Amino acid sequence: MRSRPEGLSDARAAVLDLLARRAAGATICPSEVARARSPEDWRSAMPSVHAAIDGLVRDGAVRLSWKGERLAARSGPYRIALPGKD
């Protein structure tokens, strides 16, 4: 198993924690994850959040969408959800 930089694993955990607290099928914004990790300087947390999300998508742990349309990969604005049964 590859080790991950601490910030990346923290970001992965934050994504999954925020999603677990939402209703089934609900989405979150990547900036919510960054704000949860670093409220005062959330913008600087965005690169590690994006990297964590890329890994979660690759692992099949989350799915991405924008305005109701599924996205295969992160590109432009997006929302994050747990995989559904769709």
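The values are calculated or read from the model by the stated rules, or taken from the named source; none is laboratory data. These figures come from a predicted structure and were not determined experimentally. With ideal geometry, Cβ positions are generated from the backbone for all residues, glycine too; neighbour counts draw on all protein chains shown. What goes into the accessible areas is simple: the full protein's heavy atoms, side chains included, and nothing from ligands, DNA or RNA. Shrake-Rupley method; radii C 1.70, N 1.55, O 1.52, S 1.80 Å.
Points to keep in mind about this one:
- Using only the C-alpha atoms, the convex hull of region 4-86 corresponds to 89 Å³ per residue.
- Scoring 62-70, 47-55 by mean Cβ neighbours within 10 Å over their residues and listing the highest first yields 47-55, 62-70.
- Hz values of 3J(HN,Hα) by residue in region 36-49 - Karplus curve (6.51, -1.76, 1.60), Gly and Pro given as x: 5, 7, 8, x, 7, 9, 5, 4, 6, 7, 4, x, 6, 5
- Sequentially through region 53-61, phi angles give Karplus couplings (6.51, -1.76, 1.60; θ = phi - 60°) of 5, 4, x, 5, 5, 4, 7, x, 7 Hz, Gly and Pro residues having no value and appearing as x.
- Between the residues Leu82, Pro39, Gly55, the greatest Cα displacement towards the positive end of the dipole of region 29-86, with unit charges on the Cβ of Lys, Arg, Asp and Glu, is found for Leu82.
- When the residues Leu56, Leu71 are ordered by accessible surface, computed with a 1.4 Å probe over the protein chains alone, the sequence from largest down reads Leu71, Leu56.
- Nonpolar atom fraction for the chain, defined as the carbon and sulfur part of the 1.4 Å probe accessible area, stands at 51 percent.
- Per residue, in Å², the accessible surface of the chain once ligands and nucleic acids are set aside, probe 1.4 Å: 64
- Where only DSSP H runs of four or more residues are counted, the chain gives -15500 deg cm²/dmol as its mean residue ellipticity at 222 nm, each run worth -39500 (n - 2.57).
- For the set Val33, Val57, solvent exposure ranked by accessible area (probe 1.4 Å, protein chains only) runs largest to smallest as Val57, Val33.
- Its Cα centre serving as origin, the chain has a Cβ charge dipole (Lys and Arg +1, Asp and Glu -1) of approximately 260 debye.
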